[in-house]
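Read the structure below first, then the notes.
Every number in this text was worked out from the coordinates using simple rules, so none of it is lab data. Treat the numbers as computed from the prediction; the structure is a model and nothing was measured. FYI the Cβ positions are ideal-geometry reconstructions off the backbone, even for glycines, and counts take in every protein chain you see.
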């Protein structure tokens, strides 16, 4: 890949039913990837469609916003091959609650899991969520992503009771008591770069300048395209498309 080539990104969404899909991925979600001259992105409306074939020569990064319990063996094989080849993964929000029966995925790759019910076999409690929470995202580590984005604040959904790998490198924490604390981390998976971002439920997050910068810099970092990570977002897209402006709307509390 040449330095001047855009990153080839596949954005994958997928819900339990077609009726759930607009809530999982509203139109504001797709604006996260628009307006960048160094990202060329495609969209797959389901995980089964996305992973039906070998993706290793087509894309550099997968961005996942899915809410699915199962994945076919063929799709698992292609997703695993992509990850094991060293390609980058950005895991967003409800993806933490997907493929709970695939231990390699949630334990090794994601380094986190939203468990629906208490598992008596390993004492893993059921997780919970709260909508419309004020989240102050404080940088928790020195890293190219936190250096580029800084700390920020948004209104979004929190998760509580996640299993998070003790080997995960936490990039952002919040003090909100409805959260576990860590809200962005790098998974311990050694064969590729994986960034996990817990927030990202709705319009308020998708339109927030800090969140948009976080998603962008996570995509760049997991791609290992290091020449791009130190450029500010304002250098590679218009302020309107990136969600930056001289004035940010105040936090309005729960919707």
Sorted from fewest to most neighbouring beta carbons within 10 Å, what does the list 134, 173 look like? 134, 173
Looking at the square roots a ≥ b ≥ c of the eigenvalues of the Cα gyration tensor of the stretch 7-240, which shape do they give, rounded for a/c under 1.5, prolate if a/b is larger than b/c, or oblate? rounded
Exposure-ranked with fewest Cβ neighbours within 10 Å first, 30, 36 stand as 30, 36
Note on the stretch 56-137: alpha-carbon gyration tensor, axes a ≥ b ≥ c; rule is a/c under 1.5 for rounded, else prolate if a/b larger than b/c, else oblate; result oblate
For residue 43 paired with residue 203, estimate the spin-label separation in nm (one decimal), with each label point 7 Å from Cα along the Cα-to-Cβ line. 1.7
Ranked by Cβ crowding within 10 angstrom, fewest neighbours first, how are 146, 70 ordered? 70, 146
I want the antiparallel fraction of DSSP beta bridges within the stretch 7-240, as a percent rounded to 5. 50
